[in-house]
1. Check G95, G89, G82 and return the single one that is at positive phi, of a type outside the set (S, T, N, Q) and modelled with pLDDT of 90 or more.
2. When region 52-73 is examined, which residues are found to be open to solvent by less than 90 Å² (accessible area, probe 1.4 Å), among the aliphatic types (A, V, I, L, M) and more than 19 Å from R125 (Cβ to Cβ)?
3. Taking into account only those residues within region 135-180 that are among the aliphatic types (A, V, I, L, M) and touching a strand residue (DSSP E or B) at 6+ places or on another chain (Cβ under 7 Å), which is farthest from D91 (Cα to Cα)?
4. If the requirement is being free of Cβ contacts under 8 Å to residues at least 12 places away in the same chain, in a loop (DSSP other than H, G, I, E, B), surrounded by fewer than 14 Cβ atoms within 10 Å (Cβ to Cβ) and in contact with a helix residue (DSSP H, G or I) (Cβ under 6 Å, 6 or more places away or on another chain), which of these qualifies: P86, P132?
5. Collect the residues in region 135-164 that are open to solvent by less than 70 Å² (accessible area, probe 1.4 Å) and part of a loop (DSSP other than H, G, I, E, B), keeping them in residue-number order.
6. Could you tell me how many of the residues in region 89-100 are over 14 Å from K152 (Cβ atoms) and open to solvent by 70 Å² or more (accessible area, probe 1.4 Å)?
7. Would you call T102 in contact with a Leu (Cβ under 8 Å, 6 or more places away or on another chain) and either part of a loop (DSSP other than H, G, I, E, B) or modelled with pLDDT of 90 or more (or both)?
8. So, in region 29-63, how many residues would count as being in contact with a Leu (Cβ under 9 Å, 6 or more places away or on another chain) and part of a helix (DSSP H, G or I)?
Amino acid sequence: MREVNRMVAVLAAALAPCSVSAQMAPDTRLGVGQTVTEADLSAYFSIPPSGRGLPPGSGTAKEGEIVFRETCAACHGEQLQGNMSPGVGADKLIGGRGSVATNDPVKTTESYWPYATTLFDYVKRAMPFNAPGSLSDDQVYSVVAYVLAQGKIIKKDKKIDATTLPKVQMPNRDGFVADPRPELSLYR
(Lines give C-alpha, C1' and ligand atoms only; values in the text may rest on other atoms or scores of the structure.)
Protein backbone atom coordinates (compact mmCIF):
# COMPACT_ATOMS: atom_id res chain seq x y z
CA MET A 1 0.00 0.00 0.00
CA ARG A 2 2.88 2.36 0.85
CA GLU A 3 4.32 1.66 -2.58
CA VAL A 4 1.04 2.71 -4.24
CA ASN A 5 0.86 5.90 -2.17
CA ARG A 6 4.47 6.71 -3.03
CA MET A 7 3.75 6.18 -6.76
CA VAL A 8 0.69 8.42 -6.60
CA ALA A 9 2.76 11.15 -4.89
CA VAL A 10 5.53 10.86 -7.49
CA LEU A 11 3.02 10.94 -10.33
CA ALA A 12 1.23 13.99 -8.86
CA ALA A 13 4.56 15.80 -8.44
CA ALA A 14 5.50 15.00 -12.03
CA LEU A 15 2.18 16.21 -13.45
CA ALA A 16 1.91 19.39 -11.36
CA PRO A 17 4.12 21.51 -13.66
CA CYS A 18 2.04 20.39 -16.65
CA SER A 19 -1.20 21.71 -15.19
CA VAL A 20 0.42 24.97 -14.10
CA SER A 21 2.01 25.58 -17.51
CA ALA A 22 -1.34 24.96 -19.23
CA GLN A 23 -2.76 27.89 -17.25
CA MET A 24 0.11 30.26 -18.02
CA ALA A 25 0.38 32.82 -20.82
CA PRO A 26 0.39 31.54 -24.40
CA ASP A 27 3.63 30.23 -25.83
CA THR A 28 5.24 33.10 -27.74
CA ARG A 29 8.57 31.46 -28.64
CA LEU A 30 7.76 31.51 -32.34
CA GLY A 31 6.67 35.14 -32.32
CA VAL A 32 3.37 34.46 -34.09
CA GLY A 33 -0.24 34.67 -33.04
CA GLN A 34 -1.97 36.64 -30.36
CA THR A 35 -4.19 36.10 -27.37
CA VAL A 36 -7.82 35.59 -28.38
CA THR A 37 -10.18 38.20 -26.92
CA GLU A 38 -13.90 38.04 -26.18
CA ALA A 39 -14.47 40.29 -29.21
CA ASP A 40 -12.55 37.85 -31.41
CA LEU A 41 -14.66 34.95 -30.19
CA SER A 42 -17.95 36.82 -30.61
CA ALA A 43 -17.58 36.57 -34.38
CA TYR A 44 -17.90 32.78 -34.09
CA PHE A 45 -20.86 32.44 -31.75
CA SER A 46 -24.43 33.08 -32.72
CA ILE A 47 -27.10 34.98 -30.85
CA PRO A 48 -29.43 32.47 -29.18
CA PRO A 49 -33.22 32.86 -28.91
CA SER A 50 -32.80 34.44 -25.45
CA GLY A 51 -30.91 37.34 -27.04
CA ARG A 52 -27.85 36.81 -24.85
CA GLY A 53 -24.93 38.53 -26.55
CA LEU A 54 -26.94 41.01 -28.60
CA PRO A 55 -24.80 44.10 -29.15
CA PRO A 56 -25.67 47.64 -28.07
CA GLY A 57 -27.56 49.70 -30.62
CA SER A 58 -31.10 50.17 -31.85
CA GLY A 59 -33.18 50.82 -34.90
CA THR A 60 -36.66 51.52 -36.22
CA ALA A 61 -38.53 50.41 -39.30
CA LYS A 62 -38.30 53.94 -40.71
CA GLU A 63 -34.50 53.86 -40.46
CA GLY A 64 -34.48 50.28 -41.72
CA GLU A 65 -36.41 51.14 -44.86
CA ILE A 66 -33.55 53.38 -45.99
CA VAL A 67 -30.91 50.73 -45.27
CA PHE A 68 -33.06 48.05 -46.93
CA ARG A 69 -33.48 50.07 -50.12
CA GLU A 70 -29.73 50.76 -50.28
CA THR A 71 -28.40 47.30 -49.40
CA CYS A 72 -31.14 44.66 -49.60
CA ALA A 73 -33.77 45.57 -52.19
CA ALA A 74 -31.62 44.67 -55.21
CA CYS A 75 -31.81 41.03 -54.12
CA HIS A 76 -34.96 40.81 -52.00
CA GLY A 77 -37.12 43.21 -54.06
CA GLU A 78 -38.51 46.64 -53.24
CA GLN A 79 -41.57 45.04 -51.60
CA LEU A 80 -39.61 42.21 -49.92
CA GLN A 81 -41.15 39.87 -52.49
CA GLY A 82 -37.86 38.16 -53.37
CA ASN A 83 -35.99 38.07 -56.64
CA MET A 84 -35.59 34.74 -58.33
CA SER A 85 -33.80 36.16 -61.38
CA PRO A 86 -30.91 34.03 -62.63
CA GLY A 87 -27.82 34.79 -60.61
CA VAL A 88 -29.78 36.43 -57.77
CA GLY A 89 -32.05 33.83 -56.18
CA ALA A 90 -32.94 35.83 -53.06
CA ASP A 91 -35.99 34.62 -51.16
CA LYS A 92 -39.02 36.64 -50.31
CA LEU A 93 -38.97 37.92 -46.76
CA ILE A 94 -42.65 38.32 -45.89
CA GLY A 95 -45.88 36.42 -46.47
CA GLY A 96 -46.57 32.72 -46.30
CA ARG A 97 -48.06 32.57 -42.80
CA GLY A 98 -49.47 29.16 -42.07
CA SER A 99 -47.91 27.60 -45.17
CA VAL A 100 -45.02 25.69 -43.59
CA ALA A 101 -47.19 22.70 -42.65
CA THR A 102 -48.70 22.51 -46.15
CA ASN A 103 -47.53 20.82 -49.35
CA ASP A 104 -46.44 24.20 -50.69
CA PRO A 105 -44.50 25.90 -47.86
CA VAL A 106 -43.32 29.48 -48.22
CA LYS A 107 -40.42 30.01 -45.84
CA THR A 108 -40.24 33.66 -44.80
CA THR A 109 -39.69 35.62 -41.60
CA GLU A 110 -43.44 35.49 -41.03
CA SER A 111 -43.91 31.80 -41.64
CA TYR A 112 -40.68 30.12 -40.67
CA TRP A 113 -38.35 32.05 -38.34
CA PRO A 114 -39.19 31.15 -34.73
CA TYR A 115 -37.12 33.92 -33.08
CA ALA A 116 -36.41 37.52 -34.01
CA THR A 117 -33.01 37.27 -32.31
CA THR A 118 -31.83 34.61 -34.75
CA LEU A 119 -33.05 36.78 -37.61
CA PHE A 120 -30.81 39.56 -36.25
CA ASP A 121 -27.92 37.11 -36.04
CA TYR A 122 -28.40 35.94 -39.62
CA VAL A 123 -28.61 39.46 -41.04
CA LYS A 124 -25.57 40.52 -39.00
CA ARG A 125 -23.41 37.64 -40.22
CA ALA A 126 -24.61 36.93 -43.75
CA MET A 127 -26.06 40.10 -45.23
CA PRO A 128 -25.79 41.85 -47.54
CA PHE A 129 -24.79 38.96 -49.75
CA ASN A 130 -22.04 40.92 -51.51
CA ALA A 131 -20.55 42.25 -48.24
CA PRO A 132 -21.54 40.04 -45.28
CA GLY A 133 -20.96 41.58 -41.88
CA SER A 134 -20.59 45.09 -43.28
CA LEU A 135 -23.71 46.54 -41.64
CA SER A 136 -23.34 48.32 -38.32
CA ASP A 137 -25.31 47.01 -35.35
CA ASP A 138 -27.71 49.98 -35.64
CA GLN A 139 -28.25 49.18 -39.34
CA VAL A 140 -28.95 45.53 -38.55
CA TYR A 141 -31.46 46.45 -35.83
CA SER A 142 -33.09 48.86 -38.29
CA VAL A 143 -33.33 46.36 -41.16
CA VAL A 144 -34.73 43.70 -38.82
CA ALA A 145 -37.28 46.22 -37.52
CA TYR A 146 -38.25 47.08 -41.10
CA VAL A 147 -38.70 43.43 -42.13
CA LEU A 148 -40.69 42.67 -38.96
CA ALA A 149 -42.87 45.76 -39.45
CA GLN A 150 -43.52 44.96 -43.12
CA GLY A 151 -44.61 41.49 -42.01
CA LYS A 152 -46.93 43.06 -39.42
CA ILE A 153 -45.06 41.32 -36.61
CA ILE A 154 -44.25 44.61 -34.85
CA LYS A 155 -45.68 48.11 -35.13
CA LYS A 156 -43.93 50.41 -37.60
CA ASP A 157 -42.91 52.86 -34.86
CA LYS A 158 -41.42 50.23 -32.51
CA LYS A 159 -37.78 50.72 -31.56
CA ILE A 160 -35.79 47.47 -31.63
CA ASP A 161 -32.75 46.91 -29.41
CA ALA A 162 -31.14 44.22 -27.25
CA THR A 163 -33.98 44.48 -24.71
CA THR A 164 -37.00 44.59 -27.03
CA LEU A 165 -35.88 42.17 -29.76
CA PRO A 166 -35.97 38.98 -27.63
CA LYS A 167 -39.54 39.86 -26.61
CA VAL A 168 -40.84 39.89 -30.20
CA GLN A 169 -43.29 37.02 -30.67
CA MET A 170 -42.74 35.54 -34.12
CA PRO A 171 -45.87 34.08 -35.78
CA ASN A 172 -44.47 30.55 -36.00
CA ARG A 173 -42.59 30.49 -32.70
CA ASP A 174 -44.53 27.45 -31.51
CA GLY A 175 -44.32 25.63 -34.84
CA PHE A 176 -41.09 23.83 -33.98
CA VAL A 177 -40.18 20.87 -31.78
CA ALA A 178 -37.66 21.74 -29.06
CA ASP A 179 -34.31 19.97 -29.19
CA PRO A 180 -34.20 17.81 -26.03
CA ARG A 181 -30.39 17.49 -25.86
CA PRO A 182 -29.37 19.05 -22.52
CA GLU A 183 -25.93 20.08 -23.78
CA LEU A 184 -27.64 22.55 -26.11
CA SER A 185 -29.45 24.36 -23.29
CA LEU A 186 -26.62 26.92 -23.27
CA TYR A 187 -27.74 28.13 -26.65
CA ARG A 188 -31.38 28.76 -25.84
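1. G95
2. Passing the criteria: A61, A73.
3. I160
4. Checking each option against the conditions leaves just P132.
5. L135, S136, G151, I153, I154, A162, T164 - these are the residues of region 135-164 that are open to solvent by less than 70 Å² (accessible area, probe 1.4 Å) and part of a loop (DSSP other than H, G, I, E, B).
6. Final tally of qualifying residues: 2.
7. no
8. Adding up the residues that qualify gives 1.
The values are calculated or read from the model by the stated rules, or taken from the named source; none is laboratory data. As the structure is a computational prediction, the values presented were derived from the model and not from experiment. Reconstructed Cβ throughout: ideal geometry from the backbone, glycine too, with neighbour counts over all protein chains shown. SASA here: full protein model, heavy atoms, side chains in, ligands and nucleic acids out. Shrake-Rupley method; radii C 1.70, N 1.55, O 1.52, S 1.80 Å.
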